[in-house]
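Colleague: Dumping the structure here so I can ask a few things about it.
The values are calculated or read from the model by the stated rules, or taken from the named source; none is laboratory data. Since this is a predicted model, take the numbers as computed values, not measurements. Using ideal geometry, Cβ is built from the backbone for each residue, glycine included, and neighbour counts are taken over all protein chains shown.
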Amino acid sequence: MSEPQVANFSSLLCGSKQRARTRNSYGLWEDGDVRFESAELARHWWEDIQSVANNQELAPLLPAYCFARTIIAHPYPDGNGRLARALVHAALARVAGLNAPALPLAPAFYMNGAKVALALRQLSETGDWQQFNAVFVRVIDDANCLAEHVQTMAA
């Protein structure tokens, strides 16, 4: 997808027109404010994701990278979490053959919200992916468990 197509997709997810943000942004969390990348740095988020997507050696990391890069960049005024989760589904379809959207990612991310926020904060401050990757794997495992539970209940 091109950047304008991603913006249109984000607009569909939000129900309102989304354009790349031009000002700095922050979010409020229980543990304090979270400062996102500057608008200047965030301008390159989609190019960065495409670069990882086109690198065969990095392909297995694409789902985690899509989520982290989108959240840290916070490229739009609204809907960044929804867009990040949609990109995770697309990346899982691409690298793992998973039919997207097949996992309840939103509940799994919310269940692990404090851990995800802490891991993203550490990643953005240090560039160390170890903690984020561990938390991301936990989220995917929880999403798998939730999906299996729903399937069992439906049977």
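Colleague: If a residue has to be in contact with a His (Cβ under 7 Å, 6 or more places away or on another chain) and either within 26 Å of L92 (Cβ to Cβ) or at pLDDT 95 or above (or both) to count, how many in region 1-36 make the cut?
Modeller: Residues meeting the conditions: 1.
Colleague: Test F36 against the stated conditions and say whether it is under 14 Å from the mean Cα position of the chain (by Cα), crowded, with 16+ Cβ neighbours inside 10 Å and within 21 Å of C145 (Cα to Cα).
Modeller: So F36 does not fit the description; no.
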